[in-house]
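Everything on this sheet refers to the single structure shown next.
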Amino acid sequence: MPTDSSSEVKFEIGHVLFIDIVGYSKGLINEQRDSLQKLKEIVRATEQVRIAEAEDRLLRLPTGDGGALVFRTSPEAPVLCAMEIAKTLKSHPDLRVRMGIHSGPVNAITDLNEQANIAGAGINIAQRVMDCGDAGHILLSRHVAEDLEHYPRWQAHLHDLGECEVKHGVRISVVNLYNNEIGNPAVPEKFRKAPEVASPAQPTVTRSTKPSLSLVLGIVSLAALAILAVIFGPRFFRSHDQAAPTNTTQSNDSSTAPASAKSIAVLPFENLSRDPDNAYFADGIQDEVLTRLSKIADLKVISRTSTQKYKSAPDNLREIGKQLGVANLLEGSVQKAANAVHVNVQLIRAATDEHLWAESYNRKLDDIFGVEGEVAGAIADQLQAKLSGFEKQELAAKPTNNPDAYDAYLRGLALAERPDLARPDQLNAIESLETAVRLDPNFAVAWALLSRTHGGVFFNFDSSPARREAVHKTLENALRLQPDLVETQLALAYSHYFVERDYDKARKIFQEVQARSPNNSAIPLALALISRRQARWDESFAHFKEAVELDPRNLKVLMWTSDTYAALRQFPMALKFIDRALDIAPDDNGAIVRKASIYQTLGQLDQADAVLAQMHADVRDDSPTIARATQLFLQHRYPAGIALMQASLAKLDPSQFWDRAEYSAWLGQFQHLTGDEASAKSSYTQVRESLEAALRQQPDNTTLIGALAQLHAALGDKSAALKQAELAMEKLPISRDAFVGPSLEEALARVLARVGEKDRAIATLQHLLTVPYTNPITPALLRLDPDWDNLRGDPRFEKLCQEKAQ
């Protein structure tokens with residue numbers, strides 16, 4: 001007999017959030033009513049509910065002491081909603097709520113009272129998951145957790161609890177969602193009663209055998225760090241940007257898990273032009289191909305910083321594929337001559353060296369603009385990646401029709417993307433990008449990159465009002481031309497972070513752009529850095545884990561990871577990550593100096609000497625000179641320090657303002673320590689005049705303010721020294737920057753020690769020894785650093801020198 005399809009029960013998959021007020025039945029009637037009303041208001045105000053309601057993709061089921069929300073959007077919707085609710089509930093401690101989440105079949109029905117209702121296994125299991133928890137818990141079914149684990153940003157928040165017995169003897173697998181802001185990390189009561197199945201110490205839920213990796217990003221130049229060495233003592237040469245890691249103790253080896261068939265790395269494009277100066281053009285074409293590929297959500301794309309160490313056409317493709325964790329590699333070459341460009345690309349399966357696809361493009365310069373999109377589209381087709389309408393538009397977009405503007409843009413792009421963020425490169429990038437937008441004032445991508453580069457210079461080197469204005473004006477042009485462009489939105493996010501320090505706005509924009517450009521490793525790195533400055537450590541490390549998956553052999557990421565462990569005073573782990581960086585690049589000065597500095601911080605100066613012997617001279621980098629000066633300072637070899645700084649100053653280009661100021665300050669310090677006060681005063685005075693002139697151009701630069709505080713103290717001006725040190729802390733307090741703020745407090749401690757304020761200095765050091773921050777003070781450094789000589793003999797200080805000395 002035929003079935004009337006209209007009478008069949010129609011199920012769909014719903015993503016269910018079940019909410020319950022704990023202790024509801026014990027309250028008085030008016031208390032119950034008030035609690036339920038307050039919870040309803042909180043739920044209605046969440047962004048996820050508003051979005052789902054606007055799209056008519058939300059079903060509600062009231063339950064008396066709470067309710068269920070069924071989202072018909074994505075598995076993340078109920079989780080994001082739960083997090084929003086949990087954050088708001090922090091302001092309502094009297095409202096004790098637990099939540100459960102599951103994705104499963106649901107259907108709309110009519111109950112016995114002829115009222116619309118919802119039923120199905122999705123509802124039932126979500127309620128049972130919730131019933132396994134206590135107040136504050138956000139519990140997920142294993143099914144939901146397995147869906148979320150494919151999104152790297154969730155992995156650090158998922159904590160497997162094991163199985164919980166619910167009604168009728170049924171056991172369900174449950175995962176606890178929490179971080180340092182929301183959720184309840186305690187093991188629920190039902191699991192404490194069943195230790196044989198509850199395992200709170202289990203690691204984050206994941207199917208992969210890859211260990212968890214926490215990474216850090218630092219975006220402060222060596223020039224600025226050099227001044228920090230003057231301000232706060234020699235150890236402050238090291239990284240400026242760090243965080244507090246969780247229990248992430250294992251490294252991430254891409255070779256331990258099979259690579260996705262839709263994963264790809266783009267190797268450096270070979271410059272076949274006769275003119276070696278055209279290398280920027282090949283670099284730019286590679287970057288543009290990567291930029292377009294990174295916007296394809298169905299692909300995993302490795303960032304350029306992880307591939308730049310390889311040759312353009314290497315022989316060991318299988319090994320490179322393992323190192324990068326990808327199944328496919330793209331090789332390419334670019335030949336530019338006069339107005340003609342020849343681009344050759346080939347897609348290769350790394351494991352078998354099989355050529356999957358190859359193409360050659362012969363174009364005139366004025367017809368080169370679409371090649372990158374064509375290449376990316378062909379790769380997506382070969383790897384059977386699904387493209388959304390938006391992604392197709394992004395691939396087809398031509399940023400400009402002016403060949404000279406495009407050439408200038410590629411030159412600027414190649415300079416701006418150099419990993420060491422050297423000041424000359426950034427300034428030259430700005431010059432090239434300004435040429436690009438002058439030739440084509442409607443070149444939105446170039447305006448956006450120009451704004452970002454100005455922002456980086458503002459953050460790292462030059463926080464003058466003029467530079468701030470340059471960031472804003474160039475950003476305004478990009479927003480006026482193409483406000484929705486990914487590159488424009490990234491420039492806007494960086495402006496909020498670098499210039500305004502409005503971390504919440506920056507975070508929101510980065511998260512929105514990440515959905516449109518999921519393979520861009522710069523986004524999770526930026527989110528990690530922002531989270532760290534707000535002391536949101538768990539969230540920060542979830543983003544770092546995302547970044548390393550997209551950029552597994554980025555030297556700086558590994559070095560900044562090491563800096564982070566050092567900030568937590570977890571020095572064995574700091575050394576582990578530095579050694580990983582040195583395995584990739586044994587002659588990298590940045591890694592060598594960091595390894596030496598860890599030994600210096602531990603007071604192991606013999607080991608530091610052995611490491612420093614591996615350094616090589618680098619005209620673009622003053623870190624070898626500063627590292628050696630630091631070593632001599634801690635070894636109390638002051639005459640040798642004077643000789644080193646005098647020789648370094650003699651070789652220095654007069655235009656290198658920052659290096660000259662730093663070396664002169666070091667010279668004054670060594671002269672003071674040998675008793676040559678007249679020479680020390682001359683050196684200090686010269687530096688102070690230079691920095692005062694710089695501060696007039698950059699009145700909010702806390703690096704300069706702190707440096708001047710130290711110089712005033714060295715010259716005996718106690719009042720000015722204390723005023724400047726306190727001003728630096730006022731401008732960048734710990735509450736505004738949990739990462740760098742304590743460094744400025746240490747600057748104050750050094751001033752206090754030098755001007756004889758022992759009580760305040762010791763009290764400040766007692767606090768600093770308890771907090772994580774960039775290049776933290778340690779008992780070993782207190783014992784070795786001459787800056788603390790005025791405190792020696794005081795029992796309180798001597799006790800600090802011995803605490804945790806082992």
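Any read-out appearing in this document is the output of simple, stated calculations on the displayed coordinates, not a laboratory observation. Treat the numbers as computed from the prediction; the structure is a model and nothing was measured. FYI the Cβ positions are ideal-geometry reconstructions off the backbone, even for glycines, and counts take in every protein chain you see.
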Virtual spin-label span in nm between residue 735 and residue 357, 7 Å along Cα→Cβ: 5.5 nm
Which value, in debye to the nearest 20, gives the size of the charge dipole of the range 640-738 about its Cα centre, when Lys and Arg are +1 and Asp and Glu are -1 at the Cβ? 60 debye
Separation in nanometres of the label points that stand 7 Å from Cα toward Cβ, at residue 91 and residue 763: 3.4 nm
Residue 681 paired with residue 472, simple spin-label distance in nm, labels 7 Å along Cα-to-beta-carbon: 4.5 nm
Mind running the shape call on the range 482-630? Use the C-alpha gyration tensor, a ≥ b ≥ c as the square roots of the eigenvalues: rounded below 1.5 for a/c, prolate if a/b tops b/c, oblate otherwise. prolate
Evaluated over the range 457-523, the Cα radius of gyration and Dmax, each in Å: 12.0, 34
Which shape class applies to the range 561-607: rounded if a/c is under 1.5, otherwise prolate when a/b exceeds b/c and oblate if not, where a ≥ b ≥ c are the square roots of the Cα gyration tensor eigenvalues? oblate
In Å and whole numbers, how far do the C-alpha atoms of the range 392-499 stretch along each principal axis, longest first? 36, 24, 23
Given +1 on the Cβ of Lys and Arg, -1 on the Cβ of Asp and Glu, and no further charges, what dipole in debye does the range 468-603 carry about its Cα centre, rounded to the nearest 20? 320 debye
Whole-Hz couplings from phi, Karplus 6.51/-1.76/1.60, listed for the range 266-273; x for Gly and Pro: 9, 6, x, 6, 7, 8, 9, 6
With point charges of +1 on the Cβ of Lys and Arg and -1 on the Cβ of Asp and Glu, referenced to the Cα centre of the range 636-759, which listed residue (721, 742, 711) lies farthest in the positive direction of the dipole? 711
As an exercise, use a Förster radius of 60 Å and the Cβ-Cβ distance of residue 726 and residue 392 to find the FRET efficiency, rounded to the nearest 0.05. 0.60
With the dipole of the range 514-646 worked out from charges on the C-beta (+1 for Lys and Arg, -1 for Asp and Glu) around the Cα centre, which of 592, 582, 527 lies farthest toward the positive end? 527
Order by protection proxy (mean Cβ within 10 Å, highest first), peptides 689-701, 584-596, 442-454: 442-454, 584-596, 689-701
Note: the range 551-684 at 25 °C, 0.890 mPa s; Kirkwood Rh on alpha carbon pairs; Stokes-Einstein D in µm²/s works out to 155 µm²/s
Charges at C-beta only: +1 for Lys and Arg, -1 for Asp and Glu. How large is the resulting dipole of the range 562-721 about its Cα centre, in Debye rounded to 20? 280 debye
For residue 431 and residue 653 in the same chain, what is the full-extension length gain: residue separation times 0.36 nm, less their Cα-Cα distance, in nm? 77.7 nm
